[in-house]
Amino acid sequence: MQVEFDEDTCIGMYQCVAEWDAFSKDKSAGKAVLEGGEEKEEGMFVREVPDDAELDAKFAARTCPVDAIAIYDDDGEQLIP
């Protein structure tokens, strides 16, 4: 499972931070940060989701008010927009 985070879309509500500890607050930028994320293109970060964090990652994606977080299964199919 993989998480994709669009930092440019993020509006800094930090609901993802409350759901999954892979996200943290960058108060100076007013945005969340995906810890350990690799930038695949400008402002778009991806990382693997550990097996024991899959539920937390899904909750983080579902709580994002602007859909800046997407979850993909191992076949690349989007599970949560």
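No value in this document is a laboratory result; all are computed from the given coordinates. Given the structure is predicted, the values throughout are model-derived calculations rather than measurements. Here the Cβ positions follow ideal geometry from the backbone for every residue, glycine too, while neighbour counts run over all protein chains shown.
Computed values, structure above
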| quantity | calculated |
| --- | --- |
| Top-ranked residue of the stretch 27-68 - restricted to ones that are among the acidic types (D, E) and outside any loop (DSSP other than H, G, I, E, B), ranked as nearest to V3 (Cα to Cα) | E48 |
| Answer residue from the stretch 61-70, given it is surrounded by 20 or more Cβ atoms within 10 Å (Cβ to Cβ) and in contact with a strand residue (DSSP E or B) (Cβ under 6 Å, 6 or more places away or on another chain) and is farthest from D21 (Cα to Cα) among those | A68 |
| Residue count, the stretch 16-39 (criterion: surrounded by fewer than 16 Cβ atoms within 10 Å (Cβ to Cβ) and touching a residue at least 24 places away in the same chain (Cβ under 8 Å)) | 2 |
| Residues of the stretch 11-26 satisfying the condition of being among the aromatic types (F, W, Y), closer than 15 Å to D67 by Cα and part of a loop (DSSP other than H, G, I, E, B) | Y14 |
